[in-house]
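Report on one structure; see the data block that follows.
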Amino acid sequence: MKVRLSRPLAGEHDLEALRLAKEAAEAVRLPLMVHIGDTYSPLKEILAMLTKGDVVTHSFRGGEGGILDARGLVLQEVRTAVDRGVHLDVGHGAGSFSFDTAEKALKQDVMPGTISSDVHHFNVNGPVFDLATTLSKFLHLGLTLEQVIEQAATNPANTFGFPRGLGSLREKAEADVAVFSLAEGDFEFVDALAQKRIGHRKLIPVATVKAGHIYGSASIPVVSGT
């Protein structure tokens, strides 16, 4: 379940919309994802209504309504929510990821639980491009390759209750696999506020395996059914 609480949609009634969405999520036993930013109510009031397993997306956005206070410090309410099991999701999108916010949060030991691109037709030609580019931005920010893969695969599978085995490479798990190469060099990355950073590692999509069938690179041998 997802609820978008920005003013153009929820107006002054964001907390009531959140209450109804939470009620619906609990009725079907699903986590609730909350879209923050440009809300009428302060983030601390929104977080107070979330429980273990819920997700806050666009967490590393710039501007008002994010996880930082006016001094650039992570709100205590954010830490309290994370401690009780609320997950922070990236949700880059066209306007919801700031290098500055992410840099400050990471320095204060606040990490995303899940890394997502929120790619759509308004940002597929930049600044998002694809999930691999979003993951590469977090490599630049200091996360390890293992961490970004975990936050893009294992954690989402666990957070949203996907069938057992997804998000892992365990034997007998579902053979859905994204294959990347890791390039080294100088790569320009741009956030949603047009701020730029130069990173030195970039994940490049190579091929996709779906249910054991490989699609993509002709340089990878294709064996049907394996």
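The numbers here are math on the coordinates, done by the rules we state, and not lab data. From a predicted model like this one, the values you see are computed outputs, not experimental measurements. Please note: Cβ atoms are built from the backbone with ideal geometry, for glycine as well, and neighbour counts cover all protein chains shown.
Summary of values
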read-out	value
Alpha carbon centroid spacing (whole Å) that separates the stretch 142-217 from the stretch 50-68	22
Charged-residue dipole, Cβ positions (Lys, Arg, Asp, Glu), the stretch 2-167 about Cα centre, Debye nearest 20	200
Relative contact order computed over the stretch 129-175 (Cα-Cα under 8 Å; 6+ residues apart), in percent	23
Neighbour-limited loop hits for GluC sites (Glu not before Pro), the stretch 106-198 (at most 15 other Cβ within 10 Å; DSSP other than H, G, I, E, B)	Glu171
Using alpha carbons only: equivalent-ellipsoid semi-axes of the stretch 2-167, gyration tensor based, whole Å	23, 19, 16
Net charge, Asp118 excluded, C-beta distance under 14 Å - Lys, Arg +1, Asp, Glu -1	+1
Low-density loop cleavage sites - GluC sites (Glu not before Pro) in the stretch 21-80, where at most 12 other Cβ are within 10 Å (DSSP)	Glu64
Partner lysines for Lys210 [C-alpha distance under 24 Å; skip if fewer than 8 residues away on the same chain]	Lys172, Lys202
Sparse-neighbourhood loop sites, trypsin sites (Lys or Arg not before Pro) in the stretch 19-78 - DSSP loop, at most 15 other Cβ within 10 angstrom	Arg29, Lys52, Arg71
The chain, relative contact order [Cα under 8 Å, separation at least 6], %	13
Note, ³J(HN,Hα) from phi for the stretch 45-53, Karplus 6.51, -1.76, 1.60, rounded to Hz, x at Gly and Pro	6, 5, 4, 4, 9, 9, 10, 3, x
